[in-house]
2 protein chains.
Amino acid sequence: MTQFGDNVRAVREQLRQDDRRFSLRQVAFRIGVEPAYLSKVERGDVAPPSEATTVRLARELGEDPDVLLAMAGKVSGDLQQIIRKRPRLFADLIRQLREAPDDAILRVVREVRDGEW
Amino acid sequence: MTQFGDNVRAVREQLRQDDRRFSLRQVAFRIGVEPAYLSKVERGDVAPPSEATTVRLARELGEDPDVLLAMAGKVSGDLQQIIRKRPRLFADLIRQLREAPDDAILRVVREVRDGEW
DNA sequence: CAAAGTGTGTACTATATATGACACATGACT
DNA sequence: AGTCATGTGTCATATATAGTACACACTTTG
């Protein structure tokens, strides 16, 4: 169950095919961790990194930070902060949408974005 | 900034006025922690308890677990799990609603609850 | 007034989290 | 053939998290 590591490695090796700046070492340096650490992360030898490191890694690899965080078993701190400001409202909303189909949620997103309130 | 502890203490002492089973000690025993620990928690001498303990405490005091968790700077694990299953969708939705007024969110909750999908 | 109950101070601890440092073997260029 | 880069194994560690255990002083209350 090393969803996270496998995915990171796959994406990185993909990028590497046309840009050799995506070696484990170079990526590690750019995101500010030791190569040995990133190696272990990719192989699932250790737990996924902290939120900050995961986000830097996502940016570096051109991945969606929220998606990578999800694979790391985390939820972005800024989302949590939003929820914590109005816990009842957001808790209800999210639980309500637990089983909703994707397009229903998307519709809500658009509805809200395109005005209405 | 001991929002959490102050609130717990206030609620507990309130309940205690007509039910002496709400002494710090008795509550501590019922939620399964040491009295000394609960004491420190209420005074903000230590960080808020774990999610599990916070939820037991909320139930014991008749408070909304999500609200108490929010005061503890946390977001319920089950909500996080829902978000992690569809990170992009929920991240967009939640950020979209960051500044929305309460009643707009409530409307969405109801809209979703009362069918439509 | 004795017994029981109340909250709290001090000291300790186990587990998890999030890495760093260094050395090493293998493979790829030059 | 030699240099350089690549990924990895081993060991160590700092900080945070989530409490326990015990003793003590004050206050009800029977």
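Based on what the data block shows, is residue B:55 without any contact (Cβ under 8 Å) to a residue 24 or more places away in the chain, part of a loop (DSSP other than H, G, I, E, B) and farther than 30 Å from residue A:106 by Cα?
On the way: without any contact (Cβ under 8 Å) to a residue 24 or more places away in the chain: yes; part of a loop (DSSP other than H, G, I, E, B): no; farther than 30 Å from residue A:106 by Cα: yes.
So residue B:55 does not fit the description; no.
Under the condition of being open to solvent by 20 Å² or more (accessible area, probe 1.4 Å) and in a loop (DSSP other than H, G, I, E, B), which residue from segment A:58-80 is nearest to residue B:95 (Cα to Cα)? Let's see the steps before the verdict.
We begin by selecting, within segment A:58-80, every residue open to solvent by 20 Å² or more (accessible area, probe 1.4 Å); these are A:59-60, A:62-67, A:71, A:73-74, A:77-78, A:80.
Imposing the further condition that a residue be in a loop (DSSP other than H, G, I, E, B) reduces the set to A:62-64, A:73-74.
Numbers: A:62: 20, A:63: 18, A:64: 15, A:73: 19, A:74: 16 Å.
Looking at residues that are open to solvent by 20 Å² or more (accessible area, probe 1.4 Å) and in a loop (DSSP other than H, G, I, E, B), I get A:64.
Just one of (1) open to solvent by 70 Å² or more (accessible area, probe 1.4 Å); (2) at the interface with another protein chain (Cβ under 7 Å from one of its Cβ atoms) trips up residue A:83, so point out which.
Answer for residue A:83: the failing condition is (1).
Kindly establish whether residue A:100 is part of a loop (DSSP other than H, G, I, E, B) and within 15 Å of residue B:111 (Cβ to Cβ). Step through it out loud before you land on a result.
Working: part of a loop (DSSP other than H, G, I, E, B): yes; within 15 Å of residue B:111 (Cβ to Cβ): yes.
So residue A:100 passes the test.
Can you say whether residue A:18 is more than 8 Å from DNA strand C (Cβ to nearest atom), exposed (fewer than 13 other Cβ atoms within 10 Å of the Cβ) and away from every other protein chain (no Cβ under 14 Å), as far as the supplied structure shows?
Details: more than 8 Å from DNA strand C (Cβ to nearest atom): yes; exposed (fewer than 13 other Cβ atoms within 10 Å of the Cβ): yes; away from every other protein chain (no Cβ under 14 Å): yes.
For residue A:18, the condition - more than 8 Å from DNA strand C (Cβ to nearest atom), exposed (fewer than 13 other Cβ atoms within 10 Å of the Cβ) and away from every other protein chain (no Cβ under 14 Å) - is met.
What number of residues within segment B:80-117 satisfy the criterion of being within 15 Å of residue A:103 (Cβ to Cβ) and β-branched (Val, Ile, Thr)?
Qualifying residue count, segment B:80-117: 1.
Does at least one position in segment B:59-70 carry a residue that is within 16 Å of DNA strand C (Cβ to nearest atom), acidic (Asp, Glu) and closer than 30 Å to residue B:32 by Cβ? Quick ask: steps written out before the conclusion?
First pass over segment B:59-70, keeping only residues within 16 Å of DNA strand C (Cβ to nearest atom): B:60-61.
Narrowing the set further to residues that are acidic (Asp, Glu) leaves B:60.
Those left that are additionally closer than 30 Å to residue B:32 by Cβ: B:60.
Yes: segment B:59-70 contains one or more residues that are within 16 Å of DNA strand C (Cβ to nearest atom), acidic (Asp, Glu) and closer than 30 Å to residue B:32 by Cβ.
Kindly indicate whether residue A:9 is open to solvent by 60 Å² or more (accessible area, probe 1.4 Å), among the charged types (D, E, K, R) and within 8 Å of DNA strand D (Cβ to nearest atom).
Values: open to solvent by 60 Å² or more (accessible area, probe 1.4 Å): yes; among the charged types (D, E, K, R): yes; within 8 Å of DNA strand D (Cβ to nearest atom): yes.
For residue A:9, the condition - open to solvent by 60 Å² or more (accessible area, probe 1.4 Å), among the charged types (D, E, K, R) and within 8 Å of DNA strand D (Cβ to nearest atom) - is met.
Which residues, taken from segment B:78-101, are among the basic types (Lys, Arg) and closer than 15 Å to residue A:67 by Cβ? Spell out the reasoning first.
Step one: of segment B:78-101, the residues among the basic types (Lys, Arg) are B:84-86, B:88, B:95, B:98.
Within segment B:78-101, B:84, B:85, B:86, B:88, B:95 meet the criteria.
Could you please let me know if residue B:66 is within 10 Å of the chain's Cα centre (by Cα), more than 10 Å from DNA strand D (Cβ to nearest atom), within 14 Å of chain A (Cβ to nearest Cβ) and modelled with pLDDT of 95 or more? If you could, list the steps in order and put the result at the bottom.
Numbers: within 10 Å of the chain's Cα centre (by Cα): yes; more than 10 Å from DNA strand D (Cβ to nearest atom): yes; within 14 Å of chain A (Cβ to nearest Cβ): yes; modelled with pLDDT of 95 or more: yes.
Criteria met by residue B:66.
Working only within segment B:47-63, note down all residues that are within 14 Å of another protein chain (Cβ to nearest Cβ) and either at pLDDT below 95 or within 9 Å of DNA strand D (Cβ to nearest atom) (or both). Break it down into steps so the answer makes sense when it comes.
Quick first cut of segment B:47-63, residues within 14 Å of another protein chain (Cβ to nearest Cβ) only: B:48, B:51, B:54-55, B:58, B:63.
Those that are within 14 Å of another protein chain (Cβ to nearest Cβ) and either at pLDDT below 95 or within 9 Å of DNA strand D (Cβ to nearest atom) (or both): B:48, B:51, B:54.
The values are calculated or read from the model by the stated rules, or taken from the named source; none is laboratory data. Note that this is a predicted model, so its numbers are computed, not measured. All Cβ positions, even for glycine, are placed from backbone atoms using ideal geometry, and neighbour counts span all protein chains on display. Accessible surface is based on the protein model in full, side chains and every heavy atom, while ligands, DNA and RNA are left aside. Shrake-Rupley method; radii C 1.70, N 1.55, O 1.52, S 1.80 Å.
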